[in-house]
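To start, the structure itself, in structure tokens.
Nothing in this text is a laboratory measurement; each read-out follows from the coordinates by a stated rule. Everything numeric in this text was worked out from a predicted model, so none of it was measured. Positions of Cβ are backbone-derived with ideal geometry, glycine not excepted, and every protein chain shown enters the neighbour counts.
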Amino acid sequence: MEENGKTKEEILAILKKAKSADTSYERVLSSMCTYPHEIAVLAHTQFIESNMGDPGLFPGTFDLERQVLGMFGEMLHHKNSPEKAGYITTGGTESNIQAIRSMKNFRRDISKANIIMPQSAHFSFDKVANLSEIEIRKASLDDLLKVDLDSVRSLIDENTIGLVGIAGTTEFGQLDPINELSELAIEKDIFLHVDAAFGGFVIPFMDLDYSYDFKLEGVTSMTIDPHKMALSTIPSGGLLFKEPEYFECLEIHTPYLSVNKQYSLTGTRSGAAVASTYAVMKHLGREGYKKVVSDCMSVTKKLVEGADKLGIGTVIDPVLNIVALDVPEADLVRKKLLDEHGWHVSITRDPRALRIVIMPHIKNETIELFLKDLEKAIK
Ligand SMILES: Cc1ncc(COP(=O)(O)O)c(C=O)c1O
């Protein structure tokens, strides 16, 4: 640190330069984040000092959080006091870690606990394995890249405390058979966590015949991320348990705060994320989100049709607004798209394909430009 501070103008100039080196989302086709909604930004800046780690000092923000949980509960068919059964996390990773931590705390009777999840599960679950004594077992996928139920069943033993299913996989946007996983969880009397970090703000706004939430008896917790498709600000994640008691077993005694218990993984916690999520959900409402999702799905269709004209198929028929383009030498094409045309796309692991997430910042015109460059890159 320098001895004497710089002026405000000097600092702002440095920040401007740093920001100009960042990538703007216009050519980012690889991210599950996007520009937050204007009202979310406004709300965020108004609550910038609010710390939900010490909620007794911020009863107003705390009340907003209860209301957000109520809205999540309604969206996810929660039946039992959602406002007492979760919190706003920093994102999908924290929610997933905490869901598993709750299972572990609830089943202290099992010392060598294991949890079974699809091979397609987000890498946040590998962090759980690394942090805890829990063994993570990966079930194989079927031809459509959904978790294979026989494989899940074959991995269950007397130390299995829970299952995980994904409603909108990170790489392919595929939907696991949560209904069947729920039946299996009930049969075996174990937990079922549904990771709907991405799908949670997409599926409810589409016409899909698909059950994945607390409507299903076996679902015991869910991850749902406002900082992805809900257009809230980073860091806004959501975690909701079926029963307040599953949430309560995350309790840690806090000796010197305004409340004497804390449930979150982080200590200091952003009230700005709470306010921004509240603001954007209240502002957009169901109709607003239906429009966001239907616009993304129509751009998704445009991409698939355009790719088809170039002779490029998709690994699976896209279910959500995530497309995996089956191009030969995907890694090379990705490099060309970036080096020669400035497009950021990512690559799926197995099979290797060009992964494109159609977030709200991607418009029809973006896809037209992208397809032209893709045509050059595959030559
Ligand atoms: C299905 C799923 N779960 C969890 C996460 C982790 O979310 P975050 O990056 O907000 O921690 C992601 C992120 O892409 C995801 O797609």
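Some notes on this structure:
- Sequence of 120, 264, 298 once ranked by neighbouring C-beta atoms within 10 Å, starting from the fewest: 298, 264, 120
- Cα-based reach from residue 290 at 17 Å (exclusive), listing lysines while leaving out same-chain residues under 8 positions away: 228, 282, 301, 363
- Per-residue [θ]222 nm for the chain (sum of -39500 (n - 2.57) over DSSP H runs n ≥ 4, rounded to 500): -13000 deg cm²/dmol
- Of all DSSP beta bridges in the stretch 38-282, antiparallel share, percent nearest 5: 40
- Leading residue at positive end of dipole, the stretch 38-282 (Cβ point charges), from 168, 204, 128: 128
- Listed residues 311, 359, 332: farthest to the positive end of the dipole of the stretch 302-370 (Cβ charges): 359
- Label-point separation, residue 376 to residue 217 (7 Å along Cα→Cβ), nm: 5.9
- Residue 346 long-range amide H proximity, modeled H, under 5 Å: 355
- Loop-resident sites, the stretch 207-284, for trypsin sites (Lys or Arg not before Pro), counting at most 14 other Cβ within 10 Å (DSSP): 215
- As a ratio to 2.2 N^0.38 Å, the alpha-carbon radius of gyration for the chain is 1.03.
- Burial ordering of 143, 308, fewest other beta-carbon atoms within 10 Å first: 143, 308
- Under a 5 Å amide H cut-off, with hydrogens placed 1.01 Å from N, residue 139 pairs with 117, 119 among residues at least 5 apart or on other chains.
- Pairs with C-alpha atoms separated by more than 21 Å, drawn from the list 127/335; 79/127; 104/261; 79/104, are 127/335; 79/127; 79/104.
- Trypsin sites (Lys or Arg not before Pro) within the stretch 3-74, DSSP loop, no more than 11 other Cβ atoms inside 10 Å: 6
- Ranked by how many other Cβ atoms sit within 10 Å of their own Cβ, fewest first, the residues 101, 153 fall in the order 153, 101.
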